[in-house]
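The values are calculated or read from the model by the stated rules, or taken from the named source; none is laboratory data. Keep in mind that this is a model prediction, so the values were computed, not measured. Counting neighbours? That spans all protein chains shown, and the Cβs are built from the backbone with ideal geometry, glycine included.
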Amino acid sequence: VRAFPLPRHRNLAILPTNLLLCGQESLERQRADRYTGASIRAHPGKMRPALARTLIERYTKPDDWILDPLSGIGTTGVEAVHLGRNYVGIELEPRFVTLQRQNLKRARKHGASGMGTVYQGDAQRLDGWNRSLKTSLSEDGPVDAIITSPPYGGRLKSERGPRSKLLCQWIEEGRVPATLIPASYGIGPQNLGNLRGARYLEGMRQVYRGCYQCLRSGGLMLLVLQPDREQQHLRPLHHETATLCQDLGFELLDELVAVLGRIVASPGQPARLTTHTSFWRRLAVAHLREAGHPVTLCQLEYVLVFRKPPVEPARHLTPKAKSGRQAALAGPGVRSG
Ligand SMILES: C[S@@+](CC[C@H](N)C(=O)[O-])C[C@H]1O[C@@H](n2cnc3c(N)ncnc32)[C@H](O)[C@@H]1O
């Protein structure tokens, strides 16, 4: 098991806390020129780069292999390779895979030292993918850490779909084309973003089961997610996910709160929060409030920290198995660095 040492001089005042400030810098600055404009515009639910960076720095070390099985345009991957970690991504939608490849290529151009690979595929079938790797490796999965943000069953649709009166009106008036903003990540039931309720949870169970098998013993899985909302009702997706993963054998170690808004504190003034949220989210909350439901604008994401239980040291990878693992994970995909 990796040790996470005490701060220098055993200074207990600077222990890491479970509060992460991820909105202090604008999203434009966080993405700077690391991501192509096309990828930023195309994906409706990206992770904040500042959050990905913090998690990678805090929970992994250089040369580790990080997997993101629901990887979108590759925020985890781009930040990982810039920080000298190696990365494997899986993404279902071919257009996001193409855009992610371009982002990883750009990272390599900018001097990122880690290797980055993305595969197009269904994350519900990770166990099959891992089985072929395991033949040349140890009993353990080959991945040191998993960092991912799952889609939330049907959320995009409910925020941007037919219930968005303003969008419907603009489309009717011909002010915006109907295709301007995708109402989902993609079509079809394989995309977990299109599923709801029990079907969504069953799909995610498959993904997390595969994640468990891909992880080495003692490896961490970090899930970034928000509670979901079905109209006025809050659905505690983070609680449901915690239970789901514990049932699969993961240990739940921690829950962090990432603050998405920007906290501005001037001397002598009370601190203020500048909110950061999409137009669609605001609109959805405004509609609910108009209809008499006292709901608020979500300004946080939870990070659930899970661990695959460690085993005795004898089962750790030998140097030979380690180099086999590197070759197997890097595979035929696109490499960065
Ligand atoms: C919340 S987004 C992740 C965004 C990513 N963290 C980023 O910053 O670009 C979830 C992603 O999961 C993908 N996805 C949904 N179902 C999938 C499946 N069965 N297999 C692989 N990817 C899937 C969606 O297409 C979407 O891009």
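Here is how the numbers come out for the structure above:
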read-out	value
Of all residues making up the range 175-203, the number that are part of a loop (DSSP other than H, G, I, E, B), out of contact with any helix residue (DSSP H, G or I) (no Cβ under 6 Å at 6 or more places or on another chain), surrounded by 13 or more Cβ atoms within 10 Å (Cβ to Cβ) and at pLDDT 75 or above	4
Listing of strands (runs of 3 or more DSSP E) fully contained in the range 208-281 that carry 3 or more residues being among the acidic types (Asp, Glu) and either without any contact (Cβ under 8 Å) to a residue 40 or more places away in the chain or at negative phi (or both)	251-259
Some residue of the range 128-142 being at pLDDT 95 or above and either away from the ligand (no atom under 12 Å from the Cβ) or touching a strand residue (DSSP E or B) at 6+ places or on another chain (Cβ under 8 Å) (or both)	no
Among the candidates Asp68, Asp64, residue that is in contact with a strand residue (DSSP E or B) (Cβ under 8 Å, 6 or more places away or on another chain), among the charged types (D, E, K, R), surrounded by 14 or more Cβ atoms within 10 Å (Cβ to Cβ) and closer than 21 Å to Glu255 by Cα	Asp68
Condition broken by Leu329, with the remaining ones in (1) at pLDDT 90 or above; (2) in a helix (DSSP H, G or I) satisfied	(1)
Checklist (1) touching a Gly at 6+ places or on another chain (Cβ under 7 Å); (2) without any contact (Cβ under 8 Å) to a residue 60 or more places away in the chain; (3) not charged (D, E, K, R) applied to Ala32, failing item	(1)
Subset of the range 204-240 that is within 13 Å of the ligand (Cβ to nearest atom) and over 18 Å from Gly121 (Cβ atoms) - its residue that is modelled with the lowest pLDDT	Asp228
Matching option when the condition is buried (at least 16 other Cβ atoms within 10 Å of the Cβ) and either farther than 19 Å from Thr296 by Cα or of a type in the set (Lys, Arg) (or both), among Leu260, Leu256	Leu256
